[in-house]
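The values are calculated or read from the model by the stated rules, or taken from the named source; none is laboratory data. Remember, predicted model here, so these are calculated numbers, not experimental data. Reconstructed Cβ throughout: ideal geometry from the backbone, glycine too, with neighbour counts over all protein chains shown. Note: areas computed on protein heavy atoms with side chains; ligands, DNA, RNA excluded. Shrake-Rupley method; radii C 1.70, N 1.55, O 1.52, S 1.80 Å.
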Amino acid sequence: MLACYDLASARKTLTAQALAGRPRGLWRWSELLPVRDPAFRLTLGEGDTALVKTGQLGQALGMNALYVKDESSNPTGSFKARGLALAVSRALELGVREFVIPTAGNAGGALAAYAARARARAHVYMPADAPLPNQVEVRLFGAELHLVDGLISEAARQAGEAARAHGWFDVSTFKEPYRCEGKKTMGLELAEAFEWSLPDVIIYPTGGGTGLVGMWKAFSELEQMGLIGAQRPRLVSVQAAGCAPVVRAFEQNSDRAQFWEGAQTIASGLRVPGVFADRLILRALRQSQGIALSVTDEEIVQAQRELASQEGIFAAPEGAATLAALYHLLDRGWLDRQERVVLFNTGSGLKYL
Ligand SMILES: *Cc1c(COP(=O)(O)O)cnc(C)c1O
């Protein structure tokens with residue numbers, strides 16, 4: 001289920017000029033967001049993250065338009081804040097007071113933060129081996145943390161059971177439509193940053209795929225509103241070699257991703273063996289003439305060192321995976337060094353210590 005808007009009325013007030021004058025943050029795009037009453041719009045300062053043009057790294061690769069969209073400055077240190085700010089706000093507007101979420105780590109922290117802000121209750125189901133900072137933040141925000149013996153798929157099973165038993169609202173990826181709307185704002189911000197055009201290539205680390213699907217939706221809405229033209233970036237989905245269900249499905253020309261057995265990677269946000277929105281992700285990749293590829297944990301660690309030492313960005317392993325993927329794409333000749341390429345650093349490396 002995805003949210004729809006009256007774009008004909010939205011375009012009357014959501015103009016490039018109006019946007020530029022509004023306070024920073026993702027609520028600038030309120031005509032394209034689901035919360036109607038401004039009183040319900042929670043904010044901790046999410047969105048409007050930096051689009052950093054690379055220096056040494058781009059130069060060494062012969063690329064003069066290589067960017068990092070750095071999501072690490074979001075509240076709770078990852079882009080999960082965008083999705084949960086929206087989902088919690090809209091759910092509150094609809095009368096929800098108690099939430100439950102399965103998470104690889106960051107989504108649970110983000111839910112717990114916005115629930116604290118809203119004085120609502122949150123229950124978080126997380127693998128027991130998720131990064132310690134994720135566990136600590138959930139408890140500190142006052143949410144109830146359930147550590148699960150297994151992966152996010154097992155956490156999802158337990159969270160779903162608890163949701164049914166207690167009547168809690170389940171904010172699992174794509175089981176409600178609004179986290180995707182929050183992630184969509186990354187695409188809106190890119191369009192504005194590129195002066196109402198779009199980059200040529202977006203490289204995105206994919207777990208549940210909310211960002212890919214959300215950005216693809218954002219571009220279509222912007223075009224219908226006359227803010228951008230028909231040109232689209234090629235979307236690149238990056239997964240870890242130890243858990244790559246989307247890559248496997250893409251390579252097999254399938255529109256469904258099969259469950260990945262024995263998932264393992266240091267990039268905990270990519271350790272998502274069962275992909276609920278597989279069809280939406282694969283469709284966006286193909287429509288954009290994009291590609292899916294995986295990188296090893298060793299490549300991720302190496303790329304993390306390079307982003308840190310050459311660009312001053314301490315990326316999450318998921319974010320570093322996009323640089324590792326860029327090297328492969330250059331080797332294969334899949335992209336041209338003159339193209340405008342955006343890597344998504346989806347979170348802060350500090351959350352993995
Ligand atoms: C959740 C997460 C991802 C995957 O995001 P999706 O939109 O679910 O594909 C990537 N990076 C980090 C840091 C995450 O927390």
Next on the checklist: Just checking, does segment 90-97 include any residue being farther than 29 Å from ARG28 by Cβ, touching a residue at least 24 places away in the same chain (Cβ under 8 Å), more than 15 Å from the ligand (Cβ to nearest atom) and aliphatic (A, V, I, L, M)?
Outcome noted: no
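Looking at SER220, SER153, which is the one that is part of a helix (DSSP H, G or I), open to solvent by 40 Å² or more (accessible area, probe 1.4 Å) and at pLDDT below 95?
SER153
In this structure, is VAL96 out of contact with any Asp or Glu (no Cβ under 8 Å at 6 or more places or on another chain) and either at positive phi or among the β-branched types (Val, Ile, Thr) (or both)?
Values: out of contact with any Asp or Glu (no Cβ under 8 Å at 6 or more places or on another chain): yes; either at positive phi or among the β-branched types (Val, Ile, Thr) (or both): yes.
Yes; evaluated as a whole, the condition is true for this residue.
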Checklist entry - If you scan segment 163-206, which residues turn out to be free of Cβ contacts under 8 Å to residues at least 24 places away in the same chain and over 30 Å from LEU326 (Cα atoms)? => result ARG164, ALA165
Next on the checklist: Which residue is nearest to the ligand (Cβ to nearest atom), if the candidates are limited to segment 326-353 and must be within 20 Å of PRO233 (Cβ to Cβ) and in a helix (DSSP H, G or I)?
Outcome noted: LEU326
Next on the checklist: Take LEU2 and tell me if it is within 23 Å of the chain's Cα centre (by Cα), within 16 Å of the ligand (Cβ to nearest atom) and closer than 22 Å to LEU227 by Cα.
Outcome noted: yes
Checklist entry - Given the conditions (1) within 12 Å of the ligand (Cβ to nearest atom); (2) crowded, with 24+ Cβ neighbours inside 10 Å, which single one is not true for PRO233? => result (1)
Next on the checklist: Condition (residue is among the polar types (S, T, N, Q) and touching a Pro at 6+ places or on another chain (Cβ under 7 Å)) applied to segment 99-112: is it met by at least one residue?
Outcome noted: no
Checklist outcome for this item: For segment 49-80 the number of residues that are among the aliphatic types (A, V, I, L, M), open to solvent by less than 30 Å² (accessible area, probe 1.4 Å) and part of a strand (DSSP E or B) is 2
Checklist outcome for this item: The number of residues in segment 93-117 that are over 18 Å from ILE152 (Cα atoms), among the hydrophobic types (A, V, I, L, M, F, W, C) and open to solvent by less than 20 Å² (accessible area, probe 1.4 Å) is 2
Checklist entry - Of the residues in segment 293-325, how many are more than 15 Å from the ligand (Cβ to nearest atom) and either part of a helix (DSSP H, G or I) or at pLDDT below 95 (or both)? => result 10
Checklist entry - What residue, among those in segment 243-254 that are surrounded by fewer than 14 Cβ atoms within 10 Å (Cβ to Cβ) and in contact (Cβ under 8 Å) with a residue 12 or more places away in the chain, is nearest to SER294 (Cα to Cα)? => result GLU251
Item to check | Search result, residues across segment 27-43 that are surrounded by fewer than 16 Cβ atoms within 10 Å (Cβ to Cβ) and either within 16 Å of the ligand (Cβ to nearest atom) or under 17 Å from the mean Cα position of the chain (by Cα) (or both) | outcome: none
